[in-house]
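Remarks on the structure that follows.
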Amino acid sequence: MTAQYRTHPKRRDDARRPSLPAPGSRFRIIVTTSEHTPSLWTGANPFERPVEKIVWDVKNGLVSITGAREDYGVVITNPQTLSVDLAETERLRSAALARAHHVSA
């Protein structure tokens, strides 16, 4: 995962230097889980995110269909209707959660 930073608009000389918000201000960090799927999910494990929220993200262009499968374990079978294969989704998510539990144990 990589964090994306906004650069200060007047500092074109150093595009890598992040523009940090003023102390006490509210801001949101966007985390990129893969190169093309930005995510605002702040949960511990993306495979625990509710399926309907992933479908909403795909519908609104925040996550690709491939990203839904690879990053969240949600298998969308029809790009037009955004129908989900719940059995395959459950299988993928169970396997990913088992791997994560095995690694952390």
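The values are calculated or read from the model by the stated rules, or taken from the named source; none is laboratory data. Bear in mind that the values here come from a model prediction, so they are computed numbers and not experimental data. Please note: Cβ atoms are built from the backbone with ideal geometry, for glycine as well, and neighbour counts cover all protein chains shown.
Quick look at the values:
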| item | result |
| --- | --- |
| Subset tally (residues that are free of Cβ contacts under 8 Å to residues at least 12 places away in the same chain, closer than 17 Å to Pro50 by Cβ and not hydroxyl-bearing (Ser, Thr, Tyr)) for the stretch 60-86 | 2 |
| Selection count where residues are under 15 Å from Ile54 (Cα atoms) and free of Cβ contacts under 8 Å to residues at least 12 places away in the same chain, scope the stretch 87-100 | 1 |
| Helices (runs of 4 or more DSSP H) contained entirely in the chain, each with at least 3 residues that are at pLDDT below 90 | 86-104 |
